[in-house]
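First comes the structure, then the notes that go with it.
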Amino acid sequence: MKLRIPALAAGLAATTLVLGACGAVDTGTGSSNGGSSGAATAASGEIPRPASCDDETPYVAVALPNLTNPYYVAMKAGFEEAGEANGFEVEVQIADDDDANQLAQAQSMLQKKPCALALNAVKSEPGAAIVKAANDAGVPVFTVNVGIDPEALESQGASIVQYLGADNTAGGRQTAEQVLADLGADAEIKVGFVTEPDETPTQMRDAGFEEALSANPNASVVAKVDGNVKPDDSLRATTEMLSGNPDINVIFASTGPAAYGALQALGASSAVKVYGFCASEQTLTEQYPACVAQEPNAYGQQVIEQIRAWVDGATPEAEILQSLKLFTVGQTPGPGEVG
């Protein structure tokens, strides 16, 4: 099955990774969430090549949302390690989850005439303005993890070169399939979501989970709350959700911070089980039976390697989707294996 993210142009080849031993997943905008945008990705023959790419040590700008989430700590290290290994000068700017701040940081880096901009947007829709600023500066944009909203891209007349990230829709499906395997294909299951409704990756994860859950006619999603990709916010949202929906027996946490917050909201004796995308270095238990993990350190490295290959004359693939790793009871995701 071919999966595409909304930020990619119709007609461009996508890379689909095959399920491995740990399963695969669909990146920031899988097929469940609609098609691609015709204005989203530059055709390979139109990708600008800044003169700075010919410098002895080309400068690559990197924009990340925060360093409070272990996910981005790992990704930042991946960018920096691969930058040194591939002969780039890499500058990483951290937006502290502020869209306007990220745009200002990107504009500042663009004034230094980078060879390329690697962008993990704070939010999918505002990220289009950053892509447009880079396009206007003649700098190619390689996006990672968070897909850019296709309608926002089209309205800006902007385009990206490539998206690289987790196969998020498949990750949601994979998690729901584990729920059904653990609890029974016909079990009475009432699910509450702790998610982030405004982000492309979490939208895809939620859609994939609901798709797979529908195989059980006795399973339903009874509530969805916004955990804001923060443990404290997820704790509060989970507490309120359970108070209003005491019949919930499964929580799907669509991010690592949401999983951590949901677990903190449950007492040790609670019968509610938490499934989802892995909390950093959190051991899986009977209450937290399974999670799927991305490898953001590897994502950072791979984006740099894609830029290096492009500088050396290769044609970038429009989309690269990475498989997710499944963890079950008794296992502990490593520092770089997070949701």
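Identify, please: which residue in the stretch 116-145 is of a type in the set (A, V, I, L, M), open to solvent by less than 10 Å² (accessible area, probe 1.4 Å) and under 17 Å from the mean Cα position of the chain (by Cα) and is, among those, farthest from Gln302 (Cα to Cα)? Looking at the filtered set, the residue picked out is Ala128.
Among the residues making up the stretch 61-99, those that are assigned to a helix (DSSP H, G or I), under 25 Å from Gly339 (Cα atoms) and either among the aliphatic types (A, V, I, L, M) or open to solvent by 10 Å² or more (accessible area, probe 1.4 Å) (or both) are Pro70, Tyr72, Val73, Ala74, Met75, Lys76, Ala77, Glu80, Glu81, Ala82, Asp99. When Ala259 is tested against (1) in contact with a strand residue (DSSP E or B) (Cβ under 6 Å, 6 or more places away or on another chain); (2) touching a residue at least 40 places away in the same chain (Cβ under 8 Å); (3) open to solvent by 10 Å² or more (accessible area, probe 1.4 Å), just one condition goes unmet, and that condition is (3).
Scanning the stretch 212-252 for residues that are more than 14 Å from Thr202 (Cβ to Cβ) and of a type in the set (D, E, K, R) gives Asp232, Arg236, Glu240, Asp247. Regarding the stretch 169-179, can at least one residue be identified that is within 17 Å of the chain's Cα centre (by Cα) and either aromatic (Phe, Trp, Tyr) or closer than 27 Å to Asn135 by Cβ (or both)? Looking through the stretch 169-179, none of the residues is within 17 Å of the chain's Cα centre (by Cα) and either aromatic (Phe, Trp, Tyr) or closer than 27 Å to Asn135 by Cβ (or both).
I'd like to check something: does the stretch 308-331 contain any residue that is part of a loop (DSSP other than H, G, I, E, B), charged (D, E, K, R), surrounded by fewer than 17 Cβ atoms within 10 Å (Cβ to Cβ) and touching a residue at least 24 places away in the same chain (Cβ under 8 Å)? Scanning the stretch 308-331, I find no residue that is part of a loop (DSSP other than H, G, I, E, B), charged (D, E, K, R), surrounded by fewer than 17 Cβ atoms within 10 Å (Cβ to Cβ) and touching a residue at least 24 places away in the same chain (Cβ under 8 Å), so the answer is no. On the stretch given as the stretch 159-216, residues that are farther than 30 Å from Trp310 by Cβ, among the hydrophobic types (A, V, I, L, M, F, W, C) and open to solvent by less than 10 Å² (accessible area, probe 1.4 Å) total 8.
Of the residues examined, Asp226 is one that is closer than 27 Å to Pro197 by Cβ, open to solvent by 20 Å² or more (accessible area, probe 1.4 Å), at pLDDT 95 or above and out of contact with any strand residue (DSSP E or B) (no Cβ under 6 Å at 6 or more places or on another chain).
Would you confirm whether or not the stretch 267-274 contains a residue that is touching a strand residue (DSSP E or B) at 6+ places or on another chain (Cβ under 7 Å), closer than 30 Å to Pro150 by Cα, in a loop (DSSP other than H, G, I, E, B) and touching a residue at least 24 places away in the same chain (Cβ under 8 Å)? No, the stretch 267-274 contains no residue that is touching a strand residue (DSSP E or B) at 6+ places or on another chain (Cβ under 7 Å), closer than 30 Å to Pro150 by Cα, in a loop (DSSP other than H, G, I, E, B) and touching a residue at least 24 places away in the same chain (Cβ under 8 Å).
The values are calculated or read from the model by the stated rules, or taken from the named source; none is laboratory data. Remember, predicted model here, so these are calculated numbers, not experimental data. Positions of Cβ are backbone-derived with ideal geometry, glycine not excepted, and every protein chain shown enters the neighbour counts. Side chains are part of the model used for accessible areas, which takes the heavy atoms of the whole protein and leaves out ligands, DNA and RNA. Shrake-Rupley method; radii C 1.70, N 1.55, O 1.52, S 1.80 Å.
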